[in-house]
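See below for the structure under consideration.
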Amino acid sequence: MTVTTVRVPAKVNLELSVGPVRDDGYHDLVNVFHAVSLFDEVTAEPADELSVSVEGPSSVPTGPDNLAARAATLLAVHLGVAPRVALHIRKDIPVAGGMAGGSADAAAALVACDALWGAGLDRETLLELGAQIGSDVPFALLGGTAVGLGRGERLTAVEVTGEFHWVFGYADGGLSTPAVYAECDRLRAASGRTPHWPNVSDDLMAALKTGDAAGLGRALDNDLQPAALSLRPALDSALAAGRELGALGSIVSGSGPTCAFLASSASHAGELAASLARTAHFAEVRQACGPVPGASLV
Ligand code: ATP
């Protein structure tokens, strides 16, 4: 094979339940991931040495820090080969937007290089390598809708009926995930309340199983949202604007600042996207649906 291209989706967290800080500094999470139809594309081509080029925002690193480069290096070490590959990333997932774009690119690079180097690793091994890069990488490999335990990397697929229609509002500029977790801890310490043990809501699971968009809209829940709003107060009115315009539910995606709005149908999502684009809340408004498959060769 001379060139491989992999398409990989963004995720939104339908529920993000954050437990207390663990001794290792991470939080125990219960996370309901949902892959949506906003895609990055990673192309892998044979080369003398590892390189990364990016089509999209200039804030994405092109050196060894790029998560796709880290994935290619890790896979090469695992296989005992040299990482002789030129990776090209076409970005459509917002950077530092709470939609796991970097993790998605890492997942895509694992699948692309596995094919390029003819390794044929099984899914389980790719998931294990992905988890070594970051806790959101395994879900980008799996796609669909899944509950993630631990740091989010221990995944169980969730049964979903039909598809859900979404509108995403991209902000101008991202939020750092570690900063949002730190703010979450700070707000919790200031409130004096002990963080609850993370759990998944039965109402959310029932809505996914029956394809009940209104029920899903009511059940959307993100424990990081207060922290994202504290760091970016303008998000509060952005979420309210979506609700006023008829969204079934509105939520900050992961650590933010992307806002996710649930619509009742594809045409409702189209109308909602057009209305939100006319407000001044977002740098860009996009329509998408989910669930969609994880990183796949095209
Ligand atoms: P998450 O939802 O997983 O917390 P995010 O979507 O908020 O992450 P990313 O887009 O994954 O954030 O980017 C976080 C940081 O990772 C960026 O600021 C960037 O410096 C770095 N990064 C490394 N590799 C990539 C990549 N391939 N694409 C985007 N960012 C990358």
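The values are calculated or read from the model by the stated rules, or taken from the named source; none is laboratory data. Predicted model only: the values in this text are computed from it and were never measured. FYI the Cβ positions are ideal-geometry reconstructions off the backbone, even for glycines, and counts take in every protein chain you see. What goes into the accessible areas is simple: the full protein's heavy atoms, side chains included, and nothing from ligands, DNA or RNA. Shrake-Rupley method; radii C 1.70, N 1.55, O 1.52, S 1.80 Å.
Residues of the stretch 114-128 include none that is within 16 Å of the ligand (Cβ to nearest atom) and out of contact with any Gly (no Cβ under 6 Å at 6 or more places or on another chain). A search for C-beta distances below 9 Å between a residue of the stretch 21-39 that is free of Cβ contacts under 8 Å to residues at least 24 places away in the same chain and any residue that is in a strand (DSSP E or B), counting only pairs 6+ apart in sequence or on different chains, returns Arg22/Asp28.
The set of residues from the stretch 44-68 being part of a strand (DSSP E or B) and of a type outside the set (A, V, I, L, M, F, W, C) comprises Glu45, Pro46, Ser51, Ser53, Glu55. Restricting attention to the stretch 125-157, the residues that are out of contact with any Lys or Arg (no Cβ under 8 Å at 6 or more places or on another chain) and either at pLDDT 95 or above or part of a strand (DSSP E or B) (or both) total 21. Within the stretch 72-105, restricting attention to residues that are assigned to a helix (DSSP H, G or I) and near the ligand (Cβ under 7 Å from one of its atoms), which residue is nearest to Gln132 (Cα to Cα)? So, considering only residues that are assigned to a helix (DSSP H, G or I) and near the ligand (Cβ under 7 Å from one of its atoms), the one nearest to Gln132 (Cα to Cα) is Ser103. Residue count for the stretch 57-68 under the criterion of being open to solvent by less than 50 Å² (accessible area, probe 1.4 Å) and more than 8 Å from the ligand (Cβ to nearest atom): the result is 1.
Within the set Leu149, Leu175, the sole residue that is crowded, with 17+ Cβ neighbours inside 10 Å and on the phi < 0 side of the Ramachandran plot turns out to be Leu175.
Here's the yes/no breakdown for (1) under 18 Å from Leu149 (Cβ atoms); (2) assigned to a loop (DSSP other than H, G, I, E, B); (3) at pLDDT 95 or above:
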residue: Leu14; (1), (2), (3): yes, no, yes
residue: Pro20; (1), (2), (3): yes, no, no
residue: Leu38; (1), (2), (3): no, no, yes
residue: Val42; (1), (2), (3): no, no, yes
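Taking each residue of the stretch 106-132 that is of a type in the set (Phe, Trp, Tyr) and looking for partners that are at pLDDT 95 or above and open to solvent by 10 Å² or more (accessible area, probe 1.4 Å) with beta-carbon atoms closer than 8 Å, six or more apart or interchain, yields Trp117/Leu79; Trp117/Val81. Meeting the requirement of 2 or more residues that are open to solvent by 50 Å² or more (accessible area, probe 1.4 Å), the helices (runs of 4 or more DSSP H) wholly within the stretch 180-298 are 202-210, 225-231, 234-244, 266-278.
For the stretch 152-165, the set of residues classified as over 17 Å from Ala100 (Cα atoms) and open to solvent by less than 50 Å² (accessible area, probe 1.4 Å) consists of Val158, Val160, Phe164, His165, listed by residue number.
Among the residues of the stretch 125-143, just one is of a type in the set (Gly, Ala, Ser), open to solvent by 20 Å² or more (accessible area, probe 1.4 Å) and over 12 Å from the mean Cα position of the chain (by Cα), namely Ala131.
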